[in-house]
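First the structure, in the form of structure tokens, and then the observations on it.
The values are calculated or read from the model by the stated rules, or taken from the named source; none is laboratory data. This is a predicted model, so every value here is computed, not measured. Note that we place each Cβ from the backbone using ideal geometry, even for glycine, and neighbour counts take in every protein chain shown.
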Amino acid sequence: MGTTRTAIKRIGLYPGTFDPITRGHLDIIQRATRLVDKLVIGVAKNSGKGPLFCTSSRVKMVKREIARLPNAAAIEVVPFNNLLVHFAKDLGASVIIRGLRAVSDFEYEIQMASMNYKMYPEVETIYLSSTEGTQFIASSFVKEIARLGGDVRPFVSAEIAADLKEAFKGERARRKIRLVVRD
Ligand code: COA
């Protein structure tokens, strides 16, 4: 008797705020697609973090970035505004994937995973350690560098760097006006 391949697909969920998506996130995304049949990138509204870009802009940016990846067809980008475990359940995801950069990430991540597990043990959280060169990237630093006119292209794509420049253009102009007024 021959073996029949099951049609069951393993769905992975990679959640984050992605404000904006960095080379570090892309590294995790690329590697995560090798572990699952379909990867859903969950873009959290996360108003608590006071994101620079609105949810729909962040979704557009993530979609644009992943379109360049060889396995883009196996990736979906979906915004969410509810509990992560509820979102994972609705998607039928069996695994939540998170990136671990340094020891400092560990405490927060383990706490989040434990609470998520308590609420919904059907979904496991797994971690991928960031590869060399992306370990120290953080979206908040990227935004600060961009805000102060620095070059962020080592940390984000040229397109995201342009989006950041555009986002801070108005602010720089406003700062200039304030200076002019004060003088
Ligand atoms: N490389 C580079 N940077 C990385 C990275 C990697 N591999 N992985 C994470 N980061 C950075 C991000 O740039 C970001 O930096 P910042 O804090 O300076 O902005 C930071 O690490 C974490 O951001 P991100 O990966 O986007 O995730 P998050 O921590 O903002 O997302 C959620 C958290 C969305 C998963 C969480 O808030 C959540 O689940 N929300 C839903 C509500 C819920 O269920 N709450 C209960 C949880 S127990």
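So, in region 116-160, of the ones that are among the aliphatic types (A, V, I, L, M) and part of a helix (DSSP H, G or I), which residue ends up nearest to D90 (Cα to Cα)?
So the residue we want is M119.
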### Query
Which residues, taken from region 56-77, are within 12 Å of the chain's Cα centre (by Cα) and either near the ligand (Cβ under 9 Å from one of its atoms) or among the β-branched types (V, I, T) (or both)?
V59, V62, I66, V77
#### Entry: Members of region 87-115 found to be free of Cβ contacts under 8 Å to residues at least 12 places away in the same chain and under 16 Å from G42 (Cα atoms), listed by number
D90
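Of all residues in region 10-23, how many are under 9 Å from the mean Cα position of the chain (by Cα) and not aromatic (F, W, Y)?
7
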### Selected residue [assigned to a loop (DSSP other than H, G, I, E, B), within 13 Å of the ligand (Cβ to nearest atom) and buried (at least 20 other Cβ atoms within 10 Å of the Cβ)] from F53, F87
F53
#### Entry: Selection count where residues are surrounded by 12 or more Cβ atoms within 10 Å (Cβ to Cβ) and assigned to a helix (DSSP H, G or I), scope region 90-107
3
### Message
Please verify whether F80 is under 13 Å from the mean Cα position of the chain (by Cα), modelled with pLDDT of 95 or more and either more than 23 Å from E159 (Cα to Cα) or of a type in the set (S, T, N, Q) (or both), treating the condition exactly as stated.
### Response
yes
